[in-house]
2 protein chains.
Amino acid sequence: MEKLSIIKIGGKIIEDETSLHAFLKLFSNLEGKKILVHGGGKRATYIASKLGVESKMIAGRRITDKETLDVITMVYGGLVNKNIVAKLQALQINAIGLTGADINSVKSERRPVKEVDFGFVGDVKQVNSNGIDKLMKADFTPVFCAITHDGNGQLLNTNADTIASTIAVGMSEIYETSIYYCFELNGVLRDFNVKDSVVKVINSKTYKELLDAKIITDGMIPKIDNCFDALNNGVSRVHIGNTSMFTKENEFYTTITL
Amino acid sequence: MEKLSIIKIGGKIIEDETSLHAFLKLFSNLEGKKILVHGGGKRATYIASKLGVESKMIAGRRITDKETLDVITMVYGGLVNKNIVAKLQALQINAIGLTGADINSVKSERRPVKEVDFGFVGDVKQVNSNGIDKLMKADFTPVFCAITHDGNGQLLNTNADTIASTIAVGMSEIYETSIYYCFELNGVLRDFNVKDSVVKVINSKTYKELLDAKIITDGMIPKIDNCFDALNNGVSRVHIGNTSMFTKENEFYTTITL
């Protein structure tokens with residue numbers, strides 16, 4: 001099976017022009033088939049506030065109303081995505097920017113209303129891996145933003161980590177697929193204050209130990225659960241680290257295995 | 001040679017939700033290979049003014065500064081393009097939204113500064129017809145917005161009519177290509193006040209007569225010149241009319257021939 005790398009970058013990398021450019025250069029040098037998935041960062045919040053669209057929170061969770069969805073579509077799908085595509089083209093990567101609506105690549109379902117109505121937020125239901133593979137086979141490099149669609153004409157705001165992992169699961173039917181979750185740290189840290197205290201490998205046994213020792217807490221728990229889900233559904237390897245982790249020089253990152 | 005229809009729609013159709021939906025329904029029923037090119041409409045001006053980005057005009061011409069380009073990228077490349085794609089998916093058209101940066105489909109050059117510096121405005125230099133054809137052969141329907149790139153990482157604001165005609169010229173190496181310029185009138189009118197006074201055919205001889213008779217004036221002149229350029233460079237047919245002109249029921253439109 002041919003190898004495929006799926007790289008997910010978060011908001012902080014996107015917000016800083018210099019670090020974005022440095023990352024895109026590393027990405028362009030990465031050999032083999034690859035897919036980029038990006039979040040949106042604070043640009044959307046900034047544009048929303050300038051447009052007078054209030055950030056609505058219920059029980060600490062952000063609500064995506066119609067106006068917020070429009071801002072997200074403008075910022076993630078337009079400004080961020082198309083500038084990344086143009087920059088990759090300058091680095092000789094034949095990039096193509098996508099939402100889940102494009103070629104029906106990622107279909108989702110609006111999150112059902114229970115205690116909270118999250119608004120136009122989608123939970124991924126289906127990845128069109130054959131469609132995405134047609135782009136890959138044509139030597140195009142897909143660049144996904146964190147927007148999907150419901151198949152009935154509605155765009156939906158969707159978590160970028162989940163988009164990366166569900167695309168990886170879908171593509172693992174065709175490729176030996178690895179996910180690289182890039183963020184500002186060097187990996188999962190044993191001691192949050194020591195930046196090189198990276199836990200090199202997490203498997204189901206050590207995960208439990210790290211949870212018990214409260215080394216993995218809060219927001220990291222759903223992230224790691226998401227990684228195990230991907231591994232249980234066909235993805236070969238999942239890594240968490242900084243934006244240079246997929247280069248040969250870097251050996252500081254966390255690998256999740258079953 | 002297989003047939004290809006390139007449909008260009010302007011701002012007014014996009015601004016009205018009902019007419020956009022009606023048009024997209026007609027477009028989805030159009031048989032054969034097709035490409036949609038859309039302008040932006042007044043949404044960009046509205047968003048720009050809400051964001052405090054001033055519309056700069058020099059000698060009656062709009063200037064695209066950095067802030068205006070960002071708004072255009074958000075509105076044309078994000079909001080308008082991705083909503084059209086989602087709506088087409090709901091109509092069973094496997095649409096893919098593109099700027100000229102995506103798959104390096106339309107490369108342009110920043111307009112040279114002479115008397116006026118137009119800012120980030122691009123004049124089309126090269127269409128990647130093989131790349132676009134890979135999408136067509138995969139049964140995807142390209143939806144282009146009025147943004148191109150310079151190959152060095154810079155997005156550029158570009159006239160949608162020109163994008164449509166240069167893509168048509170590029171694709172005419174592979175397909176028997178027709179362009180349909182849709183606007184709010186039924187075609188080129190003999191009498192502006194009589195909506196059915198459509199000039200059915202314009203060729204180089206009658207064009208001169210219509211110019212002398214001042215039936216074709218002002219903004220229509222560069223549009224028609226653009227049509228003749230396309231015909232002189234391989235495009236088979238160019239039509240101007242309303243959004244239903246490519247349906248079998250409608251016979252009121254203008255056809256430009258050599």
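Odds and ends about this structure:
- Residue ranges B:96-102, B:226-232, B:206-212 sort as B:96-102, B:226-232, B:206-212 when ordered by packing (mean number of other C-beta atoms within 10 Å per residue, highest first).
- Mean-position separation - Cα centroids, the range B:101-156 and the range B:65-95, in angstrom: 15
- Around the amide H of B:Thr141, modelled in the peptide plane, lie the amide H atoms of B:Asn94, B:Ala95, B:Ile96, all under 5 Å away and 5 or more residues distant in sequence or on another chain.
- Innermost chain A residue relative to the axis carrying A onto B, by Cβ distance in angstrom: A:Gly78, 1
- The phi torsions of the range B:173-187, fed into the Karplus equation with coefficients 6.51, -1.76 and 1.60 and a -60° offset, translate into couplings of 5, 10, 10, 7, 9, 10, 10, 10, 8, 9, 9, 7, 9, 7, x Hz, rounded to whole numbers, with Gly and Pro shown as x.
- Expressed to the nearest 5 percent, the antiparallel share of DSSP beta bridges inside the range A:3-256 is 35 percent.
- For A:Asp117, inter-copy label distances in nm, listed shortest first [label point 7 Å out on the Cα-Cβ vector]: 5.0
- Proximity of backbone amide H atoms, modeled 1.01 Å from N, is registered between B:Gln126 and B:Lys107 at under 5 Å, excluding neighbours fewer than 5 places apart on the same chain.
- Peptide packing: for A:51-58, A:4-11, the average count of neighbouring Cβ atoms within 10 Å per residue gives the ranking A:4-11, A:51-58, highest mean first.
- Here the Karplus relation 6.51 cos²θ - 1.76 cosθ + 1.60, evaluated at θ = phi - 60°, turns the backbone of the range B:193-203 into coupling constants of 8, 10, 5, 9, 7, 6, 6, 6, 9, 10, 10 Hz, with x for every Gly and Pro.
- Backbone phi angles across the range B:238-254, fed through the Karplus curve with coefficients 6.51, -1.76 and 1.60 (θ = phi - 60°), yield HN-Hα couplings of 10, 10, 10, x, 7, 6, 9, 5, 8, 8, 5, 6, 8, 10, 9, 7, 9 Hz in residue order; Gly and Pro are listed as x.
- Inter-copy spacing of B:Ser204 label points, which lie 7 Å from Cα along Cα→Cβ, given in nm from shortest upward: 7.7
- Averaged over peptide A:98-111, the number of partner chain Cβ atoms lying within 10 Å of each residue's Cβ comes to 5.
- Length-normalised contact order of chain B in % [C-alpha pairs under 8 Å, at least 6 apart]: 21
- Label 7 Å beyond Cα on the Cβ vector: A:Lys137 copy-to-copy distances, nm: 1.0
- Which listed pairs, of A:Lys8/A:Lys125; B:Lys34/B:Lys107; A:Lys12/B:Lys56; B:Lys3/B:Lys195; A:Lys56/B:Lys56; A:Lys34/B:Lys8, have C-alpha distances above 28 Å, in listed order: A:Lys12/B:Lys56; B:Lys3/B:Lys195; A:Lys56/B:Lys56; A:Lys34/B:Lys8
- In this Cβ point-charge picture (+1 for Lys and Arg, -1 for Asp and Glu), the range A:3-256 has a dipole of about 160 debye about its Cα centre.
- In the protein assembly as shown, the inverse of the mean reciprocal separation of distinct Cα atoms equals 24.1 Å; this is its Kirkwood hydrodynamic radius.
- For the protein assembly as shown, calculated [θ]222 nm from helices alone, where every DSSP H run of n ≥ 4 adds -39500 (n - 2.57): -9500 deg cm²/dmol
Where a number appears in this text, it was derived from the coordinates with a stated rule and is not lab data. Remember, it's a predicted structure, so these values are computed and weren't measured experimentally. Because the Cβ atoms are built from the backbone with ideal geometry, glycine has one as well, and the counts that use them run over all protein chains shown.
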